[in-house]
1. Considering only protein heavy atoms, what per residue accessible area in square angstrom results for chain A with a 1.4 angstrom probe?
2. Return the distance in nm (one decimal) between the two label points of a simple spin-label model at residue B:63 and residue B:1, each offset 7 Å from Cα along Cα→Cβ.
3. Could you tell me the relative contact order of chain B? Use alpha-carbon pairs under 8 Å, at least six residues apart, and round to a whole percent.
4. Can you tell me the accessible area per residue over the stretch B:10-86, all protein chains present, probe 1.4 angstrom, in square angstrom?
5. Given R₀ = 35 Å, what would the calculated FRET efficiency be for residue B:18 paired with residue A:7, taking r from the Cβ atoms and rounding to 0.05?
6. Kindly provide the GluC sites (Glu not before Pro) of the stretch A:13-118 that DSSP labels as loop, not H, G, I, E or B, and whose Cβ sees at most 15 other Cβ atoms within 10 Å.
7. Once you sort the root eigenvalues of the Cα gyration tensor of chain B as a ≥ b ≥ c, which label holds: rounded (a/c under 1.5), prolate (a/b larger than b/c) or oblate (the other case)?
8. In Å and from the alpha-carbon atoms only, list the Rg and Dmax of the protein assembly as shown.
Amino acid sequence: GENVEQHPSTLSVQEGDSAVIKCTYSDSASNYFPWYKQELGKRPQLIIDIRSNVGEKKDQRIAVTLNKTAKHFSLHITETQPEDSAVYFCAASTPLGAGGTSYGKLTFGQGTILTVHP
Amino acid sequence: DSGVTQTPKHLITATGQRVTLRCSPRSGDLSVYWYQQSLDQGLQFLIQYYNGEERAKGNILERFSAQQFPDLHSELNLSSLELGDSALYFCASSVGAGGSYEQYFGPGTRLTVT
């Protein structure tokens, strides 16, 4: 089955710096890669995602890049703010069904604790 | 607010007992997924239902079972509870087959087994 590795496990940056979190996946059939932000005791919140037919996607201060050949994808946060402090999870999903028209389980990385110091 | 609801928020019970966790997906979503989050195992997929039918199974114990009802809400039943079952249980929903891929998580149920 799919295996997702995430690095680093902790990341500490100063406010205004950039943060980069990297993930690798094992199943070449995976073609949907979401990123979730989870604050303490709360639900994982989808912040950005990318599909395998796209190499990069941006949403304001957040961007995700995907390298299908190398089977890795990364989250980039620019101009970090204290409210970005949280645990970030990457995930990979493999299509189900004939023609890969539906999506199933997410396999998550182990998470990165991001701390942004004011 | 994701639109996915879960009850109860907290559950404290003893070993050997049985509990039922409930999830209502976002309006229009046909797929429901259950995940377990613990400190040592991270976020682990348990089971997926699509429009009332089981679609995929993960590392779900035989003591655990789930179902999705005609109104699309889902229940996760945990029986013969052990201390190691203490965790956060999340459900997520998505449109399902042929639709969008995004999964939106509910607020979770924190289960404590004493």
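1. Roughly 48 Å² per residue, with all protein chains present.
2. It is 3.6 nm.
3. On the way: 292 pairs, mean separation 41.9, N = 114.
Relative contact order here is 37 percent.
4. Using a 1.4 Å probe on heavy atoms only, each residue of the stretch B:10-86 averages 51 Å².
5. Values: r = 39 Å, r/R0 = 1.13.
After rounding to 0.05, the efficiency reads 0.35.
6. A:15, A:39, A:79
7. Here chain B falls in the prolate category.
8. 17.6, 51
The values are calculated or read from the model by the stated rules, or taken from the named source; none is laboratory data. Everything numeric in this text was worked out from a predicted model, so none of it was measured. No Cβ is skipped: glycine too gets one built from the backbone with ideal geometry, and neighbour counts run over all protein chains shown. What goes into the accessible areas is simple: the full protein's heavy atoms, side chains included, and nothing from ligands, DNA or RNA. Shrake-Rupley method; radii C 1.70, N 1.55, O 1.52, S 1.80 Å.
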